[in-house]
Amino acid sequence: MASHFDVKRQRGFAAVAMVCFFLLYLPIATLVVFAFNAGSSLAVWEGVSLTWFMAAWNNSAVQEAAARSFAIAVIAATIATAAATMAALATTRTEPYRGLTFKYAFINQPLMVPEIVTAVALLIVFSRIKAWTGYSGLGFIVAAHTAFCIPFAYLPIRARLENMDLTLERAAADLYATPWRAFRRVTLPLLWPGILAGFMLAFVISLDDVVITEFVKSGGQDTLPTYMLGQLRRIVTPEINAISTIFLAISVLVVTLFFFISRRKV
């Protein structure tokens, strides 16, 4: 009789997994620890202090970049979530037809193409638009982040729609509810956790983006990630560790909320 295969009980599997986790999270843990270093060294521990968090808080350049990052992320995530919701409704509330798979692939294309390729393509297109219009504001960054975030918002919204029971929607139609009224009173309340999860995922993706922003932004439009990248090219201080720690905490909080919201059953 053949033995039952269980990957969790294979010899050496736990040890390999622990080594991988150790190598992955040790640099992050080191960064967080040295964010609380009292001295300016990134290698020598000189005591516990919140000096570098206060320095980052009082840094006007950090404040400006952080405000810009959050504004761009909120706007881009909102537009991306609205577009993703419409796309998810259009691709799930319909009978299968030829070309539907192509639409899935087209919507998720930013996930499959290397980010550097998307960044270069946007740079070429936006540079021509800037030359034609003379406009060089934050609208280009918002547009780039929106396009890149749509598939991240689309996936949890579509998954929510596919798992929803159509009985209530059909009952609303049987009771002479218009499509819009049925959507507003039945579909939207059931879909809301998926929409919120998609928004949070798009928000954290936009907030953390470096490559596309670095290619698309104009002078004086640094977001917090690109500001940190610029500082790393100069003098590295634990202030960057402090900013990174705050960024990490925000990302972990948003992803954790996304996990619990996306687990809610219909």
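The values are calculated or read from the model by the stated rules, or taken from the named source; none is laboratory data. As the structure is a computational prediction, the values presented were derived from the model and not from experiment. We place every Cβ from the backbone using ideal geometry, glycine too, and count neighbours over all the protein chains shown. All accessible areas refer to the heavy atoms of the entire protein, side chains included, with ligands and DNA or RNA removed. Shrake-Rupley method; radii C 1.70, N 1.55, O 1.52, S 1.80 Å.
Remarks
- Segment 71-117, residues that are at pLDDT 90 or above and either open to solvent by 40 Å² or more (accessible area, probe 1.4 Å) or over 24 Å from ASN163 (Cβ atoms) (or both): ALA71, ILE72, ALA73, VAL74, ILE75, ALA76, THR78, ILE79, ALA82, MET86, ILE116, VAL117
- Close pairs from segment 215-227: first under 14 Å from LEU123 (Cβ atoms) and in contact (Cβ under 8 Å) with a residue 40 or more places away in the chain, partner among the hydroxyl-bearing types (Ser, Thr, Tyr) and assigned to a loop (DSSP other than H, G, I, E, B), Cβ under 7 Å, at least 6 apart: SER218/SER136
- Test result for ALA153, out of contact with any Leu (no Cβ under 8 Å at 6 or more places or on another chain) and assigned to a helix (DSSP H, G or I): no
- Unique residue being in contact (Cβ under 8 Å) with a residue 24 or more places away in the chain and open to solvent by less than 50 Å² (accessible area, probe 1.4 Å) when the list is VAL204, VAL236: VAL204
- Filter result for LEU248 (touching a Ser or Thr at 6+ places or on another chain (Cβ under 9 Å) and among the aliphatic types (A, V, I, L, M)): no
- The single condition among (1) more than 30 Å from PRO238 (Cα to Cα); (2) touching a helix residue (DSSP H, G or I) at 6+ places or on another chain (Cβ under 9 Å); (3) surrounded by 13 or more Cβ atoms within 10 Å (Cβ to Cβ) that ARG68 does not meet is (1).
- Within segment 96-147, being of a type in the set (S, T, N, Q) and more than 20 Å from ALA84 (Cα to Cα) holds for SER127, THR133, SER136.
- When restricted to residues that are among the acidic types (Asp, Glu) and assigned to a helix (DSSP H, G or I), segment 200-259 contains 3.
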